[in-house]
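The values are calculated or read from the model by the stated rules, or taken from the named source; none is laboratory data. Since this is a predicted model, take the numbers as computed values, not measurements. Note: ideal-geometry Cβ built from the backbone for every residue, glycine included; neighbour counts use all protein chains shown.
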């Protein structure tokens with residue numbers, strides 16, 4: 001999905017100036033299946049579907065080509081259009097999901113600890129991506145006193161222009177000394193709230209010097225409208241989701257993640273709590289163990305009933321046929337790369353009833369034929 005913001009533009013302007021140029025560029029992709037778009041006030045959303053014949057291993061290269069075409073098209077956008085965002089991982093499924101919380105910890109402190117965990121967990125073999133959720137952006141609050149500002153002859157537009165003009169990263173060229181060059185980099189960046197408070201905001205021609213702290217109160221805080229807020233067990237939290245590389249053994253990766261978290265528990269700050277809400281490895285292990293238990297119970301019941309009503313030979317033959325069918329199915333799944341999932345396990349359990357019926361019918365047919373005097377295969 002390609003999302004582009006165009007603040008203040010109508011739906012028609014968004015379609016004509018943003019959506020259509022992007023669609024024209026995207027439709028040149030040879031791997032494309034179809035494109036759909038939604039143009040609304042200030043927002044363009046384009047959904048791209050890739051043809052089904054392309055393997056998942058080819059998708060990263062396709063997404064890179066898509067980003068290149070979107071980037072080329074965005075150079076022709078009118079002023080005010082926010083650069084497009086290409087989201088190609090919204091379909092990722094987290095196989096390991098947990099929350100980090102603490103009564104005496106702020107959101108930035110929880111996020112810093114989550115970043116430490118992310119750098120460690122992403123190194124675990126089989127881990128594809130580690131995402132952090134619940135991050136509340138920080139901001140500097142400037143509470144302006146209109147009375148003080150008016151007394152010094154400063155307007156809001158003048159103040160906004162001064163703040164926009166300063167604290168800008170720009171290039172001032174370079175100085176060449178022989179074969180070497182020195183880049184001039186006047187950033188003007190504010191390193192602290194005190195530096196921001198020292199900003200001169202006096203209007204042109206003013207007799208007195210006015211700094212920002214003279215007309216405003218500065219404080220550091222969190223944004224008032226975060227995109228998401230998470231709580232775990234009644235406490236503010238940040239979340240971490242881990243997705244796995246396709247084709248890996250989910251159970252092994254899950255155990256490796258838990259072992260890494262236990263190793264890092266010694267360095268965990270006092271008061272930090274980690275609550276695991278979803279562990280796909282445990283779910284898969286439970287499903288596999290449940291299938292094995294059900295299979296063995298079904299096999300034991302079937303064999304027991306058959307031994308009683310059909311004799312020892314018939315019961316053993318039917319039990320062996322069930323075991324060989326299941327083992328053969330698992331072997332074919334392994335050769336073809338079919339993973340043990342809920343659907344495949346459920347299909348095997350359902351197939352057990354059909355296998356039992358077929359085995360009973362075949363054995364009964366052989367017994368009846370033998371009772372009627374039919375010769376064995378290959379004999380007169």
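Applying the condition of being in contact with a helix residue (DSSP H, G or I) (Cβ under 6 Å, 6 or more places away or on another chain) and part of a loop (DSSP other than H, G, I, E, B) to the stretch 125-148 and asking which residue is farthest from residue 114 (Cα to Cα) yields 145. Can you find a residue that is part of a strand (DSSP E or B) and surrounded by 16 or more Cβ atoms within 10 Å (Cβ to Cβ) anywhere in the stretch 277-299? For the stretch 277-299, residues part of a strand (DSSP E or B) and surrounded by 16 or more Cβ atoms within 10 Å (Cβ to Cβ): present. Just one of the listed residues (115, 109) is surrounded by fewer than 18 Cβ atoms within 10 Å (Cβ to Cβ), within 17 Å of the chain's Cα centre (by Cα) and part of a helix (DSSP H, G or I), and it is 115.
Of all residue pairs spaced 6 or more apart or on separate chains, those with beta-carbon atoms under 6 Å, a first member in the stretch 37-65 that is under 16 Å from residue 12 (Cβ atoms) and a second member that is loosely packed, with under 13 Cβ neighbours inside 10 Å are 42/7.
Screening residue 130 on (1) more than 30 Å from residue 231 (Cβ to Cβ); (2) at pLDDT 80 or above; (3) surrounded by 15 or more Cβ atoms within 10 Å (Cβ to Cβ) shows it passes everything except condition (1).
Take the conditions on the phi < 0 side of the Ramachandran plot and either loosely packed, with under 12 Cβ neighbours inside 10 Å or in contact with a helix residue (DSSP H, G or I) (Cβ under 8 Å, 6 or more places away or on another chain) (or both) and apply them to residue 307. Does it pass? The answer is yes for residue 307. Look at the stretch 221-248: where a residue is exposed (fewer than 11 other Cβ atoms within 10 Å of the Cβ) and a partner is assigned to a strand (DSSP E or B), sitting 6+ places away or on another chain with Cβ atoms under 6 Å, you get 221/141.
When residue 276 is tested against (1) at pLDDT below 90; (2) over 19 Å from the mean Cα position of the chain (by Cα), just one condition goes unmet, and that condition is (2). When residue 269 is tested against the conditions (1) modelled with pLDDT of 80 or more; (2) part of a helix (DSSP H, G or I), the lone failure is (2). Take residue 167 and decide whether it is closer than 30 Å to residue 112 by Cβ and modelled with pLDDT under 85. Yes. Residue-level analysis places residue 176 among those that are part of a strand (DSSP E or B) and either out of contact with any strand residue (DSSP E or B) (no Cβ under 6 Å at 6 or more places or on another chain) or on the phi > 0 side of the Ramachandran plot (or both).
Just the residues that are closer than 15 Å to residue 165 by Cα and either surrounded by fewer than 12 Cβ atoms within 10 Å (Cβ to Cβ) or at pLDDT below 75 (or both), please, taken from the stretch 201-213. Of everything in the stretch 201-213, those that are closer than 15 Å to residue 165 by Cα and either surrounded by fewer than 12 Cβ atoms within 10 Å (Cβ to Cβ) or at pLDDT below 75 (or both) turn out to be 203, 204.
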